[in-house]
Amino acid sequence: MAVRRPPAIALLVPLSAALVVLAFATVPALRYSLTTFAHLNWAWLPLALLAESGSMAAFARNQQHLLRVSGSRITLRSSLAIAYASNALSLSLPVVGTGLGTAFAYRQFRRRGADHASVGWALTVSGIVSSLAFALLMFVGALLSNSTGATALGFGAAAATALPMVAILAALRFGAVNRLINRWVAQAVGLSRRFFHHPRPEAASAFAELLTRIGRLRATPLQYAYAFSHALRNWGGDCLCLVCAIAAAGGPVPWHGVLLAYCLGVTAGSVGLTPGGIGVVEAAMTAGLVNAGLPASRAVPAVLLYRLVSLWLVIAIGGLVAAVSARRRPPEPSGDAPAATRPVRVPDHDGDHGPDDDPDHGPGAVR
């Protein structure tokens, strides 16, 4: 009988192929970086690494916090490992990378005992608060910018990012919206069965049950604010990595324009046309920094150093974590644990566990 390949191993195949493509596609940029990096002030590199690791830690803490709010207990070490591995998948593959990364995170959380409604709610709310935090940073960056055109572009991009997230959050909280979605899904399932004989008849009812369970999960305003603060730290740490890279390149940090340049670069890369936004992010971010007054001779090496830390290092660590998790998979859950509808206590800001936590599973770090 054929042995079924674990999904984590199957994900390593496109990840490895993407890394090979990335290596060949970026040979000119890497060759140029070798000449520019020779003149960098490497004393700033540890600070850039610290800023990026803090950014990833905030992302992992946010997902751990939201899972705890929904009643599922995940250690920080597991959440951090999943964050690196899922981001590696998202950054390594064009177009479909984000979906594969989210699917990978969903399966990994489920294998650690979280029920599907809790994971779905946590990942959805995590994406919403992350987008809202990014929109806020872009709005602030637009206010600080001295360029009228860049300011208008920043305001428009911030609004385009925030409004869909507000609509999704409303869909999760209001029963009328949920019922409308269920009717659309039932109609779509009926049409699909009429022409393709798929999916099974109970698919619509299963989706309705899942949506109902997700909609019942609630968090207090303080818990939402705590998640939002983690999202701000996630984006802020990544932007701080860029600031450290600019300092390493020997250029004066254009404080009035660096935040907007960072946000516009990230927005350009989110289109997903190239793996990790390679070429797109570098061009948009460099143009933004030059527009803010940073000389191109300093902007180019600064952006390349930033991308070395925030893209290539994250992919390398995430790929290693994915390989380890493929060899040491936790057992599949035997069934769904009941989803909690009661908010739990928000953990302390320093990450300490509360009195009801398992003392044998404290926070850890991926090295």
Legend entry - Label-to-label distance, nm, for residues given as Val177 and Leu47 (7 Å Cα→Cβ offset): 4.2 nm
Inset, instruction - Provide the per-residue ³J(HN,Hα) series for region 135-147, in order, calculated from phi with Karplus coefficients 6.51, -1.76, 1.60 and θ = phi - 60°, each as a whole number of Hz, with x at glycine and proline positions. - result: 4, 5, 4, 5, 5, 5, x, 5, 5, 7, 5, 8, 8
Legend entry - Simple label model, 7 Å out from Cα along Cβ direction - Val185 to Leu222, nm: 3.3 nm
Inset, instruction - Highest first, please rank the peptides 114-124, 79-89 by the mean number of other Cβ atoms sitting within 10 Å of their residues. - result: 79-89, 114-124
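Since every read-out is calculated from the coordinates, none of them should be taken as a lab result. Note that the structure is predicted; figures quoted are calculated from it, not measured. Every residue, glycine as well, gets a Cβ built from its backbone with ideal geometry; the counts of neighbours run over all protein chains shown.
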